[in-house]
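Everything below concerns the one structure shown next.
The values are calculated or read from the model by the stated rules, or taken from the named source; none is laboratory data. These numbers were taken from a predicted model, which means no experiment stands behind them. Neighbour counts are summed over all protein chains in view; Cβ atoms, including those assigned to glycine, are modelled from backbone coordinates with ideal geometry. These accessible areas exclude ligands, DNA and RNA; they are computed on the full protein's heavy atoms, side chains included. Shrake-Rupley method; radii C 1.70, N 1.55, O 1.52, S 1.80 Å.
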Amino acid sequence: MSEFVKVARVGDIPLGSGRTVYLGATPIALFNVDGQYYAIHNSCPHEDGPLGEGTLCGSVVTCPVHAYEFDVTSGECLTEEVYRVERFEVRVEGEDILLRL
Ligand code: FES
């Protein structure tokens, strides 16, 4: 049985922004794209840059370390397609944002 865990509140992630949250001990980058929430692993697959601290433009986050770009809706890297970042399923219940364990 899948389990969802609360990681943030809706008001914590303004439209067009992201932040780092924790799913247990795992850092997750959580983004608000036009009112939809998307979650990917926080560690950039290039050299572990913190994607939750990256700049979001539309659905694309730019890693703050070497500026590789990732589509947060798919996890695909737009800079070098060999890279991909793990996605996590997001659910909103009331004011709570939950991620699947
Ligand atoms: S660590 Fe993210 S682009 Fe290099």
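Listing for the model above:
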quantity	calculated
Where a label projected 7 Å from the Cα of Leu101 along Cα→Cβ would reach, residues of the range 38-53 with amide N under 20 Å	39-42
Average accessible surface area per residue within the chain, 1.4 Å rolling probe, Å²	55 Å²
Linear extension gain, Asp34 paired with Val65, 0.36 nm per residue minus alpha-carbon span	8.6 nm
Accessible-area composition of the chain, carbon plus sulfur, in percent [1.4 Å probe]	44 percent
Max mean-square fluctuation residue, GNM over the chain, Cα-Cα springs under 10 Å, options Ile40, Ile13, Ile28	Ile13
Length-normalised contact order of the chain in % [C-alpha pairs under 8 Å, at least 6 apart]	28 percent
Anisotropy class of the range 1-50 from Cα gyration tensor, a/c 1.5 cut	oblate
Unit charges on C-beta of K, R, D, E only; dipole of the chain, Debye	260 debye
Cα principal axis extents for the chain, largest first, Å	36, 28, 19
Charge-dipole axis of the chain as Lys and Arg at +1 and Asp and Glu at -1 on Cβ define it, positive-most pick from Thr55, Ala29, Ser2	Ser2
Nitroxide proxy distance, nm - points 7 Å out along Cα→Cβ at Arg9 and Glu81	4.3 nm
